[in-house]
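*Asks:* Questions regarding the structure given below will be posed in turn.
FYI, it's all coordinate maths here, none of it is from the lab. Keep in mind the model is a prediction, meaning the values are calculated, not measured. A quick note on method: Cβ atoms are made from the backbone with ideal geometry, for glycine too, and the neighbour counts reach across all protein chains shown.
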Amino acid sequence: MYIYKAAVIGAGTMGAGIAQVITYSGLPVILRDVTQEAVDRGLATVRKIYQGRVDKGKMTAAELEQKMALVSGATDDTGFSDVDIVIEAIYEDLEAKQKLFQALEAVCPEGCIFASNTSSLPISAIASATKKPDKVIGMHFFNPAPVMKLVEVIPGLGTSQETIDDVVLFSESLRKIPIRVQECAGFLVNRLLMPYLNEAAIALQEGAASAKGIDAALVTLGMPMGPLTLFDMVGIDVSVKVADILHDAYGTRATAARILRELDQAGRHGLKNGAGFYDYADEKKGDLDSLIQKVQAEGTTKTKFSANRIIMPMINEAVISLQEGVASAEDIDIAMMAGTGFPQDKGGPLHYADQIGVDVVLSELEALCKTLGDRFWPAPMLKRMVQGGYLGQKSGKGFFQY
Ligand code: CAA
């Protein structure tokens, strides 16, 4: 099915970003939210993204207006009778998403695809509330949506092959890289990203290094921004929700850092409200150091910092996901480069493991396990690979052939 018209529900940062991506590819889109104020804010966000391109001389003011003419704001069902795909980007609440799709079924055409931009809720559960689970799918964009090339395509248990194919083609028409991912908590990228981000937060609360020191070490390794800066961009409140969902699914290795919850409770939700791990506004909402001291007073031991401590959990989770068949080794690496800016010269976490040596990754994880705890327990596949001589580039075979 060719997609001629789309709708995005939820005009926040992600919804507005997705609407901009759709209009940029030349398709009309409805951007809907509950209040006119929210819709106007979303439309202003889309305009701001285009204005940035005009300011850089990448498009003219007339082209900006042509693109803006493709997006229409709505607070009701007007215009939904001929949409081919609806992408919801509302808050992370299963029941709210179920009710939304139920209501949309009554106003959208029979063949309309219902895509969810959820970061972590199960697609099958969202679909279970609808009459057409074959038309429900995960279509997960990454922040900032206009820049990050990846779209995770996540079929639920009942999603039809036709819907998967349509969403893959649609994503390509948006000039994105669609990667099909098996449904699991956090899907692929958040599942790999969160242990990395979380370890940075644990290192901070244990006094291993300062926030700036931690971020600088990962930027030196080639990451486009430090993990604590990224936490602030994603949102501390959103991250706590994702972390809890991962903990429910994967147990103690995914226990959220205490400092995350403290920041959330202190109202430091990140860049969007002026404070998170860093301060972005003049008006201060408490201070990070006193929250760290509070966590330390309740019992943490001082630990040592290393960049390996932060990056190894991501590699380990990549191997566990590979073992589980969440995605192929190639797709895992492409997804991390396109979705998080994992350095191209390292080729993704699994190519990176091959570069430094699968045996080195295993021994690093074993050492971290002894000093910092069982959350670093190595994926069984790593041991099998080392025993079998799959050491990476140096032995000519690892996760990939050389
Ligand atoms: N909206 C639109 N465009 C933006 C933007 C935004 N918020 N931020 C940056 N850009 C654009 C800039 O205009 C610039 O465009 P041009 O190349 O056309 O000039 C381009 O992106 C590069 O921006 P900058 O030069 O200002 O900055 P940078 O090179 O440092 O890149 C970044 C910024 C793309 C955000 C980069 O730091 C990065 O890739 N960070 C990692 C982001 C990441 O990991 N995202 C995934 C988060 S997890 C998630 O989203 C999933 C979830 O469910 C929670």
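*Asks:* For Cα pairs less than 8 Å apart in space and 6+ apart in sequence, what is the mean separation divided by the residue count of segment 280-402, i.e. the relative contact order in percent?
*Replies:* 22 percent.
*Asks:* Further, regarding this structure: Along segment 89-106, what does the Karplus equation 6.51 cos²θ - 1.76 cosθ + 1.60 (θ = phi - 60°) give for ³J(HN,Hα), rounded to whole Hz, x for Gly and Pro?
*Replies:* My calculation for segment 89-106 gives 9, 8, 5, 7, 9, 4, 5, 5, 5, 4, 5, 4, 5, 4, 5, 5, 4, 6 Hz in order.
*Asks:* Test of understanding: what is the full-extension gain from residue 94 to residue 219, defined as 0.36 nm times their sequence separation minus their Cα-Cα distance?
*Replies:* 41.5 nm
*Asks:* Assuming R0 = 30 Å, what is the FRET efficiency of residue 173 and residue 244, from their Cβ-Cβ distance, to the nearest 0.05?
*Replies:* Result of the calculation: an efficiency of 0.30.
*Asks:* Evaluate segment 140-203: find the radius of gyration of its Cα atoms, find its Kirkwood radius, and give the ratio Rg to Rh.
*Replies:* 1.06
*Asks:* Residue-wise, which Karplus ³J(HN,Hα) couplings in Hz belong to segment 208-220, taking 6.51 cos²θ - 1.76 cosθ + 1.60, θ = phi - 60°, and x for glycine or proline?
*Replies:* For segment 208-220, the Karplus-derived couplings read 5, 6, 7, 4, 5, x, 5, 4, 4, 4, 7, 5, 4 Hz, x marking Gly and Pro.
*Asks:* What FRET efficiency do you get for residue 296 and residue 273 if R0 is 41 Å and r is their Cβ-Cβ distance, rounded to the nearest 0.05?
*Replies:* After rounding, the FRET efficiency stands at 0.95.
*Asks:* Put a dot 7 Å past each Cα toward the Cβ at residue 125 and residue 162; how far apart are the dots in nm?
*Replies:* Calculated label separation equals 2.9 nm.
*Asks:* Counting Lys and Arg as +1 and Asp and Glu as -1, what is the net charge of the other residues whose Cβ lies under 12 Å from the Cβ of residue 90?
*Replies:* -2
*Asks:* Is segment 1-76 best put as rounded, prolate or oblate by its Cα gyration tensor, with a ≥ b ≥ c the root eigenvalues, rounded for a/c under 1.5, and otherwise prolate when a/b is larger than b/c, oblate when not?
*Replies:* oblate
*Asks:* Report the relative contact order of the chain, percent, no decimals, based on alpha-carbon pairs under 8 angstrom and at least 6 residues apart.
*Replies:* Relative contact order, the chain: 12 percent.
*Asks:* In nm, give the distance between the simple-model label positions of residue 328 and residue 2, each being 7 Å from the Cα along the Cα-to-Cβ direction.
*Replies:* The answer from the label model is 2.9 nm.
*Asks:* Quick check for me: using +1 on Lys/Arg Cβ and -1 on Asp/Glu Cβ, what's the dipole size of segment 1-93 about its Cα centre, in debye to the nearest 20?
*Replies:* 580
*Asks:* Let me ask you something else. Using each residue's phi in segment 192-207, evaluate 6.51 cos²θ - 1.76 cosθ + 1.60 at θ = phi - 60° and report the 3J(HN,Hα) Karplus result to the nearest Hz, with x for Gly and Pro.
*Replies:* Residue by residue, segment 192-207 yields 7, 6, 5, x, 5, 5, 5, 5, 5, 5, 5, 4, 5, 5, 8, x Hz.
*Asks:* Which whole-percent values make up P(r) of the chain when all C-alpha to C-alpha distances are grouped in 10 Å steps starting at zero?
*Replies:* For the chain, the pair-distance distribution reads 5, 22, 30, 25, 14, 4, 0.
*Asks:* What distance in nm lies between label points placed 7 Å from Cα along the C-beta direction at residue 287 and residue 36?
*Replies:* Between residue 287 and residue 36, the simple spin-label model gives 4.5 nm.
*Asks:* Right, next: Which of the cysteines in the chain are isolated, no other cysteine C-beta under 4.7 Å?
*Replies:* Here 184, 369 come out as lacking a disulfide-compatible partner, given the Cβ-Cβ threshold of under 4.7 Å.
*Asks:* Also, I was wondering about something else. Using only the alpha carbons of segment 282-378, determine the length spanned along each of the three principal axes and report them from longest to shortest in whole angstroms.
*Replies:* Cα extents, longest axis first: 44, 37, 24 Å.
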